[in-house]
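S.K.: Take this structure, written in structure tokens, and hold onto it; I'll ask about it next.
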Amino acid sequence: MPSVRIHINTEAGGSYTGVPATGASLAYHKRLPGYAATPLHSLPVTARRLGIGNLLVKDESQRLGLPAFKILGASYAVFRLVCRFLGQPSGTDLATLKKLLRSRPPVTLITASDGNHGRAVARAARWWGMGAHIFMPAGTVPARVQAIADEGALVEVISGPYDQAVSRAALEQGPLRWLVQDTAWPGYEQVPAWIVAGYETLCLELKEQLQHQVPDIVVVQIGVGSLAQAVCRFFRHYLPDCMLVGVEPVSAACGLASLAAGASIPVDTARPTIMAGLQCGTLSSLAWPVLHQAMHAAIACGDAYAEQAVKLLHREGLDVGESGAAGVAAVLALRDEPASAGNLPLERHSRVLCLATEGPTDPRLHQRLLYGTP
């Protein structure tokens with residue numbers, strides 16, 4: 001299997017019919033204790049190594065006490081579910097909502113996850129005094145399982161891949177067992193839509209932080225497509241001239257395969273990758289139309305690029321997990337494969353924005369990548 005695959009989406013670039021961010025999720029997140037905008041770093045030294053004008057990195061390694069951006073979507077979706085359950089408007093005081101919730105039968109939150117989303121759902125359950133039941137795919141490293149269990153959740157590691165974990169979690173939902181999944185399919189779209197809305201907080205922070213540092217290229221991790229959906233939808237309105245590029249592991253490139261086929265298609269994810277948070281075989285049904293219309297290119301990278309990206313960011317003082325470093329991995333791939341990049345070349349003046357979506361969530365692997373420790 002090649003270490004880099006690049007697909008230029010000729011369907012993107014025309015008029016875009018999506019809706020702009022409303023700001024509702026940011027208003028909610030500002031009500032949470034400990035909320036603060038995550039930093040945006042300018043990395044000119046690394047940019048010179050990459051042969052570009054500047055590299056901007058939005059650092060999501062610490063977000064509301066967790067090592068990933070996922071809490072933005074999970075917390076907002078659970079909040080909206082609570083409001084709907086209690087018949088209360090979204091402006092209701094959080095303490096009032098918690099008091100009302102205690103008078104109702106207990107609720108359990110359910111999801112499937114390879115790590116960060118499951119931990120975010122478990123943390124949201126703790127905030128609201130709910131239970132949590134998290135399904136994880138086979139091969140999940142013990143550190144990620146333990147991190148979720150430490151939130152007080154029941155964790156089940158199934159015998160199959162991520163997509164099977166999603167199917168298993170969906171079977172468990174009921175009136176008091178709420179499925180909080182970050183991928184959508186026909187008949188299950190409201191909660192994933194709220195999760196995507198939660199990710200708009202990250203985008204609105206960027207709008208304030210970028211100021212005059214307007215990027216030419218924005219690179220976003222694909223996975224099931226929910227974060228990419230939020231980022232593409234936002235930037236097509238805010239900076240319509242910038243190029244939007246998705247990145248995923250070469251062994252789980254459902255976004256690239258779908259863009260190439262012109263239709264959302266699943267891919268086999270049996271081959272492992274160190275970018276475990278992106279090892280997803282099927283795009284969200286809500287994400288696909290947005291990516292098809294707005295994403296200019298998809299890049300699938302081998303693990304060697306992710307490892308190199310982790311090391312580059314570490315030299316800059318940023319401890320970023322393997323999936324979090326995927327955006328910089330894509331820049332490395334573009335640099336090494338200019339002939340495959342088509343009309344998406346990296347130039348010496350290019351300004352590139354990447355999202356460092358997570359901190360290290362597998363400490364042993366992270367230490368091995370950085371220092372060669374067993």
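The values are calculated or read from the model by the stated rules, or taken from the named source; none is laboratory data. Being a predicted model, the structure only gives us computed values, none of them experimental. Cβ atoms come from the backbone with ideal geometry, glycine included; neighbour counts cover every protein chain shown.
S.K.: Suppose the filter is of a type in the set (A, V, I, L, M) and closer than 30 Å to L334 by Cα; does L43 pass it?
M.R.: Against the criterion (of a type in the set (A, V, I, L, M) and closer than 30 Å to L334 by Cα), L43 qualifies.
S.K.: Has segment 149-158 got at least one residue that is under 16 Å from A122 (Cα atoms), touching a residue at least 60 places away in the same chain (Cβ under 8 Å) and surrounded by 14 or more Cβ atoms within 10 Å (Cβ to Cβ)?
M.R.: Scanning segment 149-158 turns up no residue that is under 16 Å from A122 (Cα atoms), touching a residue at least 60 places away in the same chain (Cβ under 8 Å) and surrounded by 14 or more Cβ atoms within 10 Å (Cβ to Cβ).
S.K.: Is it the case that some residue within segment 170-187 is in the same structural domain as R84 (by TED's automatic domain parsing), assigned to a helix (DSSP H, G or I) and at pLDDT 95 or above?
M.R.: Yes, there is a match, as at least one residue in segment 170-187 is in the same structural domain as R84 (by TED's automatic domain parsing), assigned to a helix (DSSP H, G or I) and at pLDDT 95 or above.
S.K.: Among the residues of segment 15-62, what is the count of those that are of a type in the set (K, R) and either touching a strand residue (DSSP E or B) at 6+ places or on another chain (Cβ under 7 Å) or at pLDDT 95 or above (or both)?
M.R.: The total comes to 3.
S.K.: Ok, one more. Condition check: in a loop (DSSP other than H, G, I, E, B) and either among the hydrophobic types (A, V, I, L, M, F, W, C) or at negative phi (or both). Does S167 satisfy that?
M.R.: When the stated conditions are applied, S167 does not pass them.
S.K.: Looking at A325, A300, A294, A304, can you tell me which residue is within 21 Å of G53 (Cβ to Cβ) and not assigned by TED's automatic domain parsing to the domain that holds S113? Quick ask: steps written out before the conclusion?
M.R.: Numbers: A300 fails: within 21 Å of G53 (Cβ to Cβ); A294 fails: within 21 Å of G53 (Cβ to Cβ); A304 fails: within 21 Å of G53 (Cβ to Cβ).
Exactly one of A325, A300, A294, A304 is within 21 Å of G53 (Cβ to Cβ) and not assigned by TED's automatic domain parsing to the domain that holds S113, namely A325.
S.K.: Now for a separate question. What number of residues in segment 214-271 are within 15 Å of the chain's Cα centre (by Cα) and among the β-branched types (V, I, T)?
M.R.: The qualifying residues number 8.
S.K.: Can you name the residue in segment 326-342 that is touching a Leu at 6+ places or on another chain (Cβ under 8 Å) and in contact (Cβ under 8 Å) with a residue 40 or more places away in the chain and is also surrounded by the fewest Cβ atoms within 10 Å (Cβ to Cβ) among such residues?
M.R.: R335
S.K.: Return the pair list, or none, for Cβ contacts closer than 9 Å from residues in segment 134-147 that are not assigned by TED's automatic domain parsing to the domain that holds G115 to residues that are among the β-branched types (V, I, T), at least 6 apart or on different chains.
M.R.: Between residues of segment 134-147 that are not assigned by TED's automatic domain parsing to the domain that holds G115 and residues that are among the β-branched types (V, I, T), there is no close pair.
S.K.: Does any residue in segment 183-194 that is acidic (D, E) come within less than 6 Å, Cβ to Cβ, of a residue that is surrounded by 15 or more Cβ atoms within 10 Å (Cβ to Cβ) six or more places away or on a different chain, and which pairs are these?
M.R.: Listed by first residue and then by second, the contacts come to E189/L286.
S.K.: Just give me the residues in segment 254-311 being in a helix (DSSP H, G or I) and among the charged types (D, E, K, R), in sequence order.
M.R.: D303, E307, K311, listed by residue number.
S.K.: While we're looking at this one, here's another question. How many of the residues in segment 76-118 are under 30 Å from V320 (Cα atoms) and over 14 Å from the mean Cα position of the chain (by Cα)?
M.R.: Number of matching residues: 8.
S.K.: Quick check on my filter: what residues within segment 101-126 are out of contact with any Asp or Glu (no Cβ under 8 Å at 6 or more places or on another chain), in a helix (DSSP H, G or I) and surrounded by 15 or more Cβ atoms within 10 Å (Cβ to Cβ)?
M.R.: L101, G118, A120, V121, A124
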